[in-house]
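The values are calculated or read from the model by the stated rules, or taken from the named source; none is laboratory data. What you see is a predicted model; the values in this text were computed from it and never measured. Methodologically, a virtual Cβ is constructed for each residue, glycine included, from the backbone with ideal geometry; neighbour enumeration extends over all protein chains shown. Calculation scope for accessible area: heavy atoms of the full protein, side chains included, ligands and nucleic acids excluded. Shrake-Rupley method; radii C 1.70, N 1.55, O 1.52, S 1.80 Å.
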2 protein chains.
Amino acid sequence: MWQTLNARRKPAMTISRIHTPLTERFGIDYPIFGFTPSQDVAAAISRAGGLGVLGCVRFNDPGELDEVLEWMHKNTDGKPFGVDVVMPAKIPTEGSKVDLDSMIPPEHRAFVERTLDDLGVPPLPDGQDRLNTGVLGWLHSVARSHVDVAMEHTRKYGQIKLIANALGSPPDDVIALAHENGVAVAALAGARDHALNHVAAGVDIVIAQGYEGGGHTGEVASMVLWPEIVDAVGSAAPVLAAGGVGSGRQLAAAIALGTQGVWMGTYWLTAAEYNLGATTESGPSTVQQALLKATSRDTVRRRIYSGKPARLLKTRWTDAWDDAGAPEPLPMPLQNLLVGEAHARISLADDPDVVAMPAGQIVGRCNEIVPVADMIEDLVTEYAASIARLDGTL
Amino acid sequence: MWQTLNARRKPAMTISRIHTPLTERFGIDYPIFGFTPSQDVAAAISRAGGLGVLGCVRFNDPGELDEVLEWMHKNTDGKPFGVDVVMPAKIPTEGSKVDLDSMIPPEHRAFVERTLDDLGVPPLPDGQDRLNTGVLGWLHSVARSHVDVAMEHTRKYGQIKLIANALGSPPDDVIALAHENGVAVAALAGARDHALNHVAAGVDIVIAQGYEGGGHTGEVASMVLWPEIVDAVGSAAPVLAAGGVGSGRQLAAAIALGTQGVWMGTYWLTAAEYNLGATTESGPSTVQQALLKATSRDTVRRRIYSGKPARLLKTRWTDAWDDAGAPEPLPMPLQNLLVGEAHARISLADDPDVVAMPAGQIVGRCNEIVPVADMIEDLVTEYAASIARLDGTL
């Protein structure tokens with residue numbers, strides 16, 4: 001496999017710990033929280049001293065998540081890890097998948113079909129059911145089942161220490177359930193007021209995600225947003241810095257700005273252990289090829305992924321939605337249902353110019369395939385060098 | 001005057017120097033470069049140990065700039081300072097102001113007139129000539145006269161140590177002229193490739209300005225852009241960090257990310273010494289009232305100020321240009337000629353909801369009117385505290 005080609009490039013780490021109150025709380029070596037949809041990457045992050053957080057949105061079947069969490073238990077040497085769900089605070093009137101499907105205008109479907117044809121994306125292999133191909137994790141009922149599975153696991157093994165929600169404060173009963181099980185609740189915030197709402201709702205940790213981050217983001221950039229949220233929530237909650245972190249210098253900047261650690265997503269997509277989507281035996285997968293060649297200017301922030309503004313890798317797929325003839329994206333959760341099959345088709349295809357992938361501007365720094373342990377070592381080593389440089393100015 | 005109401009709030013500074021190679025080069029105490037159109041603020045920055053950089057674009061008459069630089073000489077205790085001009089690398093075919101005026105479509109003029117009426121902005125006082133009211137500094141010939149005046153001054157007093165260009169690399173002969181006079185040349189860059197072009201053109205210092213900055217900005221946010229440009233230019237040029245700096249934590253982040261100092265603009269607009277535009281005897285000026293109440297979400301990035309994307313305070317004036325019926329902004333320099341009189345009218349009016357003002361997202365932190373010396377003390381004190389926090393993690 002590709003990762004075996006990448007040997008460790010450096011001697012053993014010289015900094016064995018970076019202390020912040022959050023590392024104490026979670027019993028981890030470094031204030032590095034790694035969000036990833038890949039269990040291989042999440043487990044490697046926890047093993048290397050960070051906190052791996054498994055993105056659950058791709059698990060349509062709670063049984064599949066259950067199996068993966070069991071695998072995580074067996075592959076994390078007893079180290080803590082977390083899960084990430086996608087759950088609005090207010091439970092929407094949802095109906096069945098079939099009902100929601102009927103709310104999608106035919107013009108939108110026609111545009112998606114036509115675009116996939118134009119881009120040469122093959123249909124799904126025979127036997128795959130269209131209705132079950134879309135990502136159902138965006139639906140509240142499915143996200144709720146993820147929470148239940150995770151809580152069951154933490155009662156059994158005690159390793160799941162964090163549940164993060166990508167759409168803000170989770171519902172009250174989810175927060176209460178997490179707390180009953182000794183699990184901390186984190187929520188993403190793209191603006192000061194959102195952070196204050198999270199804290200008022202009982203969220204334990206605010207993840208301040210700036211404009212440059214991958215996936216759902218607001219308008220305020222990390223340099224301004226992180227300290228603004230730190231000051232706004234004060235002692236009520238620690239803040240994790242998200243959006244634009246892909247080096248030890250940025251980890252140092254995050255701590256300098258008053259946060260207690262970093263929340264990184266894009267960084268791990270070029271980990272050697274990352275193996276989702278179309279893969280090859282001898283080299284990086286299709287999506288990794290796309291990430292490796294992207295610069296910091298090759299992302300766009302659009303509503304086409306989920307219905308809410310999210311930063312994505314700029315590809316021929318996102319370009320198509322910028323065309324004059326393209327329809328306006330639908331609201332959440334309809335947009336994701338609309339493009340669910342398209343995403344599945346794209347992820348099975350092997351064209352790096354047509355991937356559909358959330359990614360932050362830090363993708364410009366993702367220029368090689370590296371094992372997670374080395375990625376963490378890079379962060380820690382450069383962190384220490386940054387502090388030395390700062391010390392030298394006084 | 002308002003500034004006399006604001007006494008120093010703290011004991012004397014405990015950190016007398018912050019050393020980087022750039023502070024050594026310029027003989028300044030702190031790596032704090034302050035861009036401002038106000039000579040009072042620029043002089044105060046230099047007196048307090050930073051490098052004040054006077055924005056020249058507002059000087060239509062080179063004689064007026066000459067007088068102001070003379071004033072700067074008398075009010076800076078022999079400390080170094082800089083000037084900032086707005087000059088494209090390629091000299092455009094320019095023609096006279098009257099010729100350019102004829103290229104502005106009547107619909108655009110009608111929109112501006114109608115909008116000012118709707119917003120209740122009074123006409124210019126009698127005796128002010130419309131054609132000479134617009135800001136001519138955007139014209140190459142006028143910017144070039146700023147350079148000549150500045151060089152004459154530095155030959156006389158030797159205090160002008162830096163000429164910065166807001167539109168990238170200045171023309172070759174301007175760089176050569178600056179170097180002959182021992183003046184360093186700095187140029188703003190919003191992307192890695194621009195920075196490389198600047199260095200290739202002979203620019204000495206790259207100012208990496210992120211998306212969140214005020215005025216002209218690109219798409220890449222500071223957290224990602226600063227280290228990217230630092231790595232790209234390597235030892236060929238030091239980098240100043242611009243966009244999102246308004247506290248000592250952000251100064252520490254800038255140094256952590258590998259830059260040699262900060263370039264701040266928005267921060268100084270709420271200095272007690274800032275006295276441009278409509279003012280009051282007893283309190284903050286109209287524009288300062290607007291800045292004081294703005295949050296980090298109250299800016300927009302639009303082409304309406306100069307023809308190129310620039311971040312502005314979001315007001316009823318910028319909202320009007322977002323209306324469905326508003327025309328597309330014109331290219332540079334036509335757009336600035338179009339809105340020049342409007343800007344003059346707006347700046348003389350006294351409505352904080354209708355200012356036309358470049359400002360970065362850091363405006364959310366500009367919440368009080370403070371003398372420059374205190375602003376610098378705040379930066380330095382918080383900088384030291386940030387380093388102590390970083391040191392404490394190891």
Cβ-Cβ distance below 8 Å, separation of 6 or more or different chains: which pairs start in the range A:53-65 with a residue that is outside the structural domain of A:ASP148 (by TED's automatic domain parsing) and charged (D, E, K, R) and end on one that is at pLDDT 95 or above and in a strand (DSSP E or B)? none
Within the group A:MET103, A:MET87, which residue is open to solvent by less than 40 Å² (accessible area, probe 1.4 Å), more than 23 Å from A:VAL372 (Cα to Cα) and at pLDDT below 95? A:MET87
Pairs, please: C-beta under 6 Å, at least 6 apart or cross-chain, first residue within 12 Å of chain A (Cβ to nearest Cβ) and in the range B:15-33, second open to solvent by 30 Å² or more (accessible area, probe 1.4 Å) and at pLDDT below 95? none
Report yes if B:GLY190 is over 19 Å from B:LEU162 (Cβ atoms), open to solvent by 10 Å² or more (accessible area, probe 1.4 Å) and in contact with a His (Cβ under 9 Å, 6 or more places away or on another chain), otherwise no. yes
Mind listing whichever residues of the range B:193-215 are open to solvent by 30 Å² or more (accessible area, probe 1.4 Å) and either touching a helix residue (DSSP H, G or I) at 6+ places or on another chain (Cβ under 6 Å) or more than 28 Å from B:HIS153 (Cα to Cα) (or both)? B:ASP193, B:HIS194, B:LEU196, B:ASN197, B:VAL199
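Restricted to the range B:225-245, and to residues that are at the interface with chain A (Cβ under 8 Å from one of its Cβ atoms) and out of contact with any Leu (no Cβ under 7 Å at 6 or more places or on another chain), which residue is farthest from B:GLN209 (Cα to Cα)? Please lay out each step first, then the result.
Residues of the range B:225-245 at the interface with chain A (Cβ under 8 Å from one of its Cβ atoms): B:225, B:227-228, B:243-245.
Applying the additional criterion that residues be out of contact with any Leu (no Cβ under 7 Å at 6 or more places or on another chain) yields B:225, B:228, B:243-244.
Values: B:LEU225: 8, B:GLU228: 12, B:GLY243: 5, B:GLY244: 9 Å.
Result: B:GLU228.
Looking at B:ILE387, B:ILE376, can you tell me which residue is in a helix (DSSP H, G or I) and within 14 Å of chain A (Cβ to nearest Cβ)? I'd like the intermediate steps shown before the answer.
Details: B:ILE376 fails: within 14 Å of chain A (Cβ to nearest Cβ).
Matching residue, one of B:ILE387, B:ILE376: B:ILE387.
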Flag for A:ARG311 being at pLDDT 95 or above, buried (at least 20 other Cβ atoms within 10 Å of the Cβ) and outside any loop (DSSP other than H, G, I, E, B): yes
Top-ranked residue in the range A:336-372 [being open to solvent by 30 Å² or more (accessible area, probe 1.4 Å), over 24 Å from A:GLY210 (Cα atoms) and in a loop (DSSP other than H, G, I, E, B); ranked as modelled with the lowest pLDDT]: A:ASP350
How many residues are more than 8 Å from every other protein chain (Cβ to nearest Cβ) and either among the small types (Gly, Ala, Ser) or more than 23 Å from the chain's Cα centre (by Cα) (or both) when one looks only at the range A:361-373? 1
Taking the range B:135-159 and the residues there that are out of contact with any helix residue (DSSP H, G or I) (no Cβ under 9 Å at 6 or more places or on another chain) and open to solvent by 40 Å² or more (accessible area, probe 1.4 Å), the one that is nearest to B:GLY265 (Cα to Cα) would be B:SER141
For residues that are assigned to a helix (DSSP H, G or I) and of a type in the set (Gly, Ala, Ser), tally how many sit in the range A:225-256. 9
Taking B:PRO333 as the residue in question, decide whether it is farther than 21 Å from B:ALA166 by Cβ and modelled with pLDDT under 95. no
Of the residues B:THR279, B:THR299, B:THR259, B:THR295, only one is farther than 30 Å from B:LEU124 by Cβ and not assigned by TED's automatic domain parsing to the domain that holds B:VAL57; which? B:THR295
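Across the range B:165-224, what is the total count of residues that are in a strand (DSSP E or B), more than 14 Å from chain A (Cβ to nearest Cβ) and among the polar types (S, T, N, Q)? Steps first, please.
Residues of the range B:165-224 in a strand (DSSP E or B): B:165, B:184-189, B:205-209, B:215-216.
From what is left, the residues that are more than 14 Å from chain A (Cβ to nearest Cβ) are B:165, B:184-188, B:205-207, B:215-216.
Within this subset, residues satisfying the condition of being among the polar types (S, T, N, Q) are B:165.
The qualifying residues number 1.
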A careful count of residues in the range A:266-288 that are open to solvent by 20 Å² or more (accessible area, probe 1.4 Å), away from every other protein chain (no Cβ under 14 Å) and at pLDDT 95 or above gives 1
Take the range B:290-308 and flag every residue that is among the polar types (S, T, N, Q) and either surrounded by 22 or more Cβ atoms within 10 Å (Cβ to Cβ) or under 21 Å from B:THR115 (Cβ atoms) (or both). B:SER296, B:THR299, B:SER306
Name, by its number, the condition in (1) in the same structural domain as A:ASN60 (by TED's automatic domain parsing); (2) more than 30 Å from A:GLY49 (Cα to Cα) that does not hold for A:ALA344. (1)
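Conditions tested, residue by residue: (1) in a helix (DSSP H, G or I); (2) closer than 24 Å to A:THR270 by Cα; (3) modelled with pLDDT under 90.
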| site | (1), (2), (3) |
| --- | --- |
| A:MET13 | no, yes, yes |
| A:HIS19 | no, no, no |
| A:THR23 | yes, no, no |
| A:PHE35 | no, yes, no |
| A:ALA44 | yes, yes, no |
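Would it be correct to say that A:LEU394 is closer than 27 Å to A:PRO88 by Cα and either within 14 Å of chain B (Cβ to nearest Cβ) or buried (at least 19 other Cβ atoms within 10 Å of the Cβ) (or both)? Walk me through how you get there before you give the answer.
On the way: closer than 27 Å to A:PRO88 by Cα: no; either within 14 Å of chain B (Cβ to nearest Cβ) or buried (at least 19 other Cβ atoms within 10 Å of the Cβ) (or both): yes.
Criteria not met by A:LEU394.
Do the conditions hold for B:LEU162, that is, is it closer than 12 Å to B:VAL85 by Cβ and either within 14 Å of chain A (Cβ to nearest Cβ) or open to solvent by 10 Å² or more (accessible area, probe 1.4 Å) (or both)? Step through it out loud before you land on a result.
Numbers: closer than 12 Å to B:VAL85 by Cβ: yes; either within 14 Å of chain A (Cβ to nearest Cβ) or open to solvent by 10 Å² or more (accessible area, probe 1.4 Å) (or both): no.
No: the conditions fail for B:LEU162.
Could you list, in sequence order, the residues of the range B:114-134 that are of a type in the set (Gly, Ala, Ser) and either crowded, with 22+ Cβ neighbours inside 10 Å or modelled with pLDDT of 95 or more (or both)? Walk me through how you get there before you give the answer.
Narrowing the range B:114-134 to residues of a type in the set (Gly, Ala, Ser): B:120, B:127, B:134.
Residues satisfying the conditions are B:GLY120, B:GLY134.
Do we have B:ILE255 as in contact (Cβ under 8 Å) with a residue 12 or more places away in the chain, farther than 18 Å from A:TRP226 by Cα and open to solvent by less than 10 Å² (accessible area, probe 1.4 Å) here? Steps first, please.
Working: in contact (Cβ under 8 Å) with a residue 12 or more places away in the chain: yes; farther than 18 Å from A:TRP226 by Cα: no; open to solvent by less than 10 Å² (accessible area, probe 1.4 Å): yes.
Considered against the rule, which asks whether it is in contact (Cβ under 8 Å) with a residue 12 or more places away in the chain, farther than 18 Å from A:TRP226 by Cα and open to solvent by less than 10 Å² (accessible area, probe 1.4 Å), B:ILE255 comes out as no.
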